[in-house]
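Below is one structure, written out as structure tokens; comments come after it.
The values are calculated or read from the model by the stated rules, or taken from the named source; none is laboratory data. Keep in mind that this is a model prediction, so the values were computed, not measured. Cβ coordinates were reconstructed from backbone atoms using ideal geometry, including for glycine residues, and neighbour counts include every protein chain displayed. Note: accessible area is taken over every heavy atom of the protein model, side chains too, but ligands, DNA and RNA are not part of it. Shrake-Rupley method; radii C 1.70, N 1.55, O 1.52, S 1.80 Å.
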Amino acid sequence: MKMRFNPLRYVEKNLMSYCKESSALLAGGLLAFAFAPMAIYPLAIFSPALLLLLWLNSSAERAFVLGLLFGIGFYGIGVSWVFISIHEFAHTSLFLALLITGLFVFILALFIAIQAYLLNRFFPDNNLIKLYLIFPSSWVFTEWLRSWILTGFPWLLLGTSQVSGPLRGYVPILGLFGLSFLISLSASLFLSLFCPFLNKRFNCQLSLIKNPRLRFLFPLLGLIILWTSGYALSFVHWTKLVGKPIQVSLIQANIPQQIKWEPQYLQASLIHYQQLTQSHWNSRLIIWPEAAIPLLQEKAGYFLKQLNKQARQHKTTIITGIPIEKDFQYYNAMIALGLDQASYYKQRLVIFGEYLPWWLIWAHGLLNLLDIPMSSFSPGPKHQALFRVANLNLGPFICYEIAYPSLVRQALKAKAQLLLTINDDAWFGHSFALAQHLQIGQFQALATGRYLAFLSNTGMTAIVTPQGKLAGKLPAFETGVLTAAVFKTSGMTPWVYLGDDPIIIFLVGLCILCYAYQRCQNKA
């Protein structure tokens with residue numbers, strides 16, 4: 001018997017198909033607003049829950065497409081500031097800037113797409129194992145991979161969004177990836193609450209829970225216990241303050257990026273920094289941002305000598321960012337002058353922005369052809385001498401190094417008592433990047449139980465407490481000096497002591513065991 005063509009059914013089916021794609025794109029875009037500056041942290045639960053719902057009754061291939069669209073929406077908004085640095089400050093053509101930014105977003109989105117494919121390929125059944133174990137574990141493993149492949153891009157990781165949320169109490173215990181697991185688990189539990197109502201259309205019936213009441217009660221209790229425990233743990237202090245307060249002054253000179261590296265404005269910039277410093281010689285530490293002196297150290301010898309002399313006379317220390325040439329290699333560095341002498345060479349460089357890896361050496365000619373300016377910095381050694389100033393061990397970071405959990409933990413293992421990051425986010429204009437960067441710094445202060453001095457040329461500039469809260473902050477794109485008291489801190493949080501490896505190893509092992517269990521069940 002031939003079936004009659006039903007145009008209404010055909011239209012409904014195709015609309016539903018397009019609805020899933022557009023929903024995935026929208027859900028990804030919403031997730032970007034879970035992070036600073038909007039910081040609507042519940043979206044970090046709602047958005048992945050919606051994505052998981054779309055994946056549940058999709059083939060592995062369809063899930064790949066949905067994951068890709070979700071990632072495009074997420075990163076298309078979340079890292080849109082890359083376009084600003086490429087087009088406005090690198091003076092790349094509009095077309096090329098859009099092409100490079102689009103390619104960057106696409107590559108980041110591929111991580112989520114591949115996660116989706118593997119999830120539905122190896123765990124096609126919609127059950128508790130998939131929702132509560134595999135989905136959260138795969139999300140964390142995907143983030144972990146993204147944090148180290150091609151030197152890593154540990155930006156917009158799910159855990160960072162909860163700096164001000166109830167789950168923040170877990171941060172010093174589990175760190176970034178452990179918290180990402182709890183957030184994605186919360187997304188699964190949240191979705192489970194509504195599965196009975198959505199099952200008819202989305203096929204999200206949980207086959208391992210037969211009792212209708214338990215289908216609702218179990219995820220509800222799970223969410224309540226998870227979130228109330230996180231809130232209660234936020235009152236636990238894992239480290240303690242030591243000694244007297246130390247007065248620091250953070251100099252936000254607000255030098256426009258368009259003129260910072262122009263030789264004709266060099267003298268004016270240095271005078272500007274000196275003038276801002278004059279009223280703050282009473283501070284024990286005076287800090288200038290990344291590349292505040294846009295001149296090689298050996299060429300700025302006379303200026304540095306005079307600055308060192310002034311700092312000694314006032315019994316203080318000045319820390320500044322400056323490029324250094326050593327043994328025919330160039331480093332993005334920070335140095336201490338005056339009462340204390342120290343130096344630090346940046347270890348994690350920005351690919352294409354600060355260096356080009358050897359396996360892309362062929363791209364040098366292409367970049368020159370496209371007129372993309374870049375630096376040729378070398379990474380600093382992994383093990384450097386302690387950056388000791390003001391009778392404390394400083395954990396120094398330059399630019400986005402503060403985003404690397406392993407690097408932060410390395411500084412703490414070296415007995416850092418205070419964290420400092422200097423950067424120049426002026427490259428990203430009036431965008432989300434500035435607030436996102438500071439939010440990452442807040443997370444690391446909370447994870448380590450340390451004060452953080454966070455300084456940028458144009459902002460954000462702030463002092464962050466060991467609880468991840470802002471003790472002081474300067475408005476962005478304004479000239480100013482933030483003077484505040486900080487304390488050196490002793491003790492280790494559980495995360496600093498254990499690190500991320502146990503969590504990653506446990507989750508990988510969990511996925512393997514779940515897959516083996518599923519194979520046994522299917523054979524039975």
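Just a few scattered comments:
- Residue in the stretch 466-474 that is of a type outside the set (A, V, I, L, M), over 21 Å from the mean Cα position of the chain (by Cα) and within 24 Å of Ile322 (Cβ to Cβ) present: no
- Flag for Gly395 being outside any helix (DSSP H, G or I), open to solvent by less than 10 Å² (accessible area, probe 1.4 Å), in contact (Cβ under 8 Å) with a residue 12 or more places away in the chain and not basic (Lys, Arg): yes
- Residue count, the stretch 428-442 (criterion: more than 13 Å from Ala462 (Cβ to Cβ) and either aliphatic (A, V, I, L, M) or in contact (Cβ under 8 Å) with a residue 60 or more places away in the chain (or both)): 6
- Flag if Leu412 is modelled with pLDDT under 95, open to solvent by less than 40 Å² (accessible area, probe 1.4 Å) and either within 30 Å of Val236 (Cβ to Cβ) or in contact with a His (Cβ under 8 Å, 6 or more places away or on another chain) (or both): yes
- Residue among Leu156, Leu176 that is more than 17 Å from Ile134 (Cα to Cα), open to solvent by less than 30 Å² (accessible area, probe 1.4 Å), modelled with pLDDT of 95 or more and not in a helix (DSSP H, G or I): Leu156
- Residues within the stretch 304-340 that are open to solvent by less than 70 Å² (accessible area, probe 1.4 Å), more than 20 Å from Gln252 (Cα to Cα) and part of a loop (DSSP other than H, G, I, E, B), tallied: 1
- Counted residues, the stretch 478-515 - those being small (Gly, Ala, Ser) and within 21 Å of Gly178 (Cβ to Cβ): 3
- Count of the stretch 77-104 residues, restricted to those that are under 17 Å from Glu143 (Cα atoms) and open to solvent by 10 Å² or more (accessible area, probe 1.4 Å), is 1.
- Test: residue in the stretch 289-302 that is assigned to a loop (DSSP other than H, G, I, E, B), at positive phi, surrounded by fewer than 21 Cβ atoms within 10 Å (Cβ to Cβ) and basic (Lys, Arg): no
- There is at least one residue in the stretch 326-344 that is out of contact with any helix residue (DSSP H, G or I) (no Cβ under 9 Å at 6 or more places or on another chain), polar (S, T, N, Q) and at pLDDT below 95.
- For the stretch 463-492, a residue qualifies if it is touching a residue at least 60 places away in the same chain (Cβ under 8 Å) and open to solvent by less than 30 Å² (accessible area, probe 1.4 Å), and the qualifying residues are Ile463, Pro466, Gly468, Leu474, Gly480, Leu482, Ala484, Val486, Thr489.
- Restricting attention to the stretch 55-76 and to residues that are among the small types (Gly, Ala, Ser) and within 21 Å of Leu157 (Cβ to Cβ), the residue that is surrounded by the fewest Cβ atoms within 10 Å (Cβ to Cβ) turns out to be Gly76.
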